[in-house]
Amino acid sequence: DAGVIQSPRHEVTEMGQEVTLRCKPISGHNSLFWYRQTMMRGLELLIYFNNNVPIDDSGMPEDRFSAKMPNASFSTLKIQPSEPRDSAVYFCASGRLAGEADTQYFGPGTRLTVL
Amino acid sequence: DAKTTQPNSMESNEEEPVHLPCNHSTISGTDYIHWYRQLPSQGPEYVIHGLTSNVNNRMASLAIAEDRKSSTLILHRATLRDAAVYYCILRDRTYSGGGADGLTFGKGTHLIIQP
């Protein structure tokens, strides 16, 4: 298995531009998570989906952020308009609740820089 | 969510055992203890989890105190590749929803391995 795939791996954009991050979860997983990591705030959960349905988006910082999961094999996280304080590493993770296991598998992340 | 407390950093020598402590004095009876680690420039990865009994896998061992208010992740023979931030996370298994929920990361323990 290729694991969780994220694209792009690096993104540099200017303030005000729209940014779209992409994630392909591991086949067969029914949960998908978006996290953000910064030096100041560490790793934070932004939103997660179960069976393609958004369950909890309380971690999304503001209305500029939106996430979709149109099917079981693809999700996007969009920032519009982007701001310098959005600069961070964004991780996508997928998982499958199997009894107590509940292991999450993380992608390599997208490093976003907003100038 | 019940909180965990870990030392900010620990240092060990290569090929020696490492014991990483985690305190979780407010743990509930339905909380599982999970450990993840994050290698430099990578996404977090699952290490091990347990409920009451000690657990072993190919990566590490988890020793859980009898009162469950603390646990210790044991790396039996640390290598330079084990240098990472280690996160101790409690997971409540009583939620419903047909899927998984997100992870709440603390600051973790930065493990330094000396050659």
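All of the numbers you see were taken from the coordinates with simple rules; none came from a lab. Quick caveat: nothing in here was measured; it's all calculated off a predicted structure. Ideal geometry is used to build each Cβ from the backbone, glycine not excepted, and the neighbour counts take in all protein chains shown.
Of note:
- Averaging the Cα positions of each part gives two centres, and for region B:43-97 and region A:32-49 these lie 21 Å apart.
- Per-selection Kirkwood Rh - region A:20-115 (Cα, Å, 1 d.p.): 13.6 Å
- √(5λ) per eigenvalue of the Cα gyration tensor, region A:1-53, largest first, Å: 23, 15, 12
- With R₀ set to 30 Å, the beta-carbon distance separating B:Arg77 from B:Ser53 gives a calculated FRET efficiency near 0.85.
- Volume per residue that the Cα convex hull of chain B spans, once the total is divided by residue count, Å³: 103 Å³
- Choice from B:Gly50, B:Gly29, B:Gly102 showing the highest fluctuation, given a GNM over chain B with Cα pairs closer than 10 Å: B:Gly102
- Rounded to 5, the percent of DSSP beta bridges in the protein assembly as shown classed as antiparallel: 90 percent
- Using bins of 5 Å that start at zero, the share of Cα-Cα pairs per bin across region A:62-115 amounts to 4, 15, 20, 23, 17, 12, 6, 3, 1, in whole %.
- Once the Cβ-Cβ distance of A:Glu14 and B:Ile112 is raised to the sixth power relative to R0 = 35 Å, the FRET efficiency obtained is 0.40.
- Couplings for region A:12-29, taken from phi via the Karplus curve 6.51 cos²θ - 1.76 cosθ + 1.60 with θ = phi - 60°, read 10, 9, 9, 3, x, 7, 7, 10, 10, 9, 10, 8, 10, x, 5, 4, x, 7 Hz in order; Gly and Pro are left as x.
- Only the Cβ atoms of Lys and Arg (+1) and of Asp and Glu (-1) were treated as charged; on that basis the dipole of the protein assembly as shown about its Cα centre amounts to roughly 280 debye.
- The slack between A:Ile5 and A:Arg85, meaning 0.36 nm per residue of separation minus the straight C-alpha distance, is 26.3 nm.
- Per residue Cα convex hull volume in Å³ - calculated over the protein assembly as shown: 125 Å³
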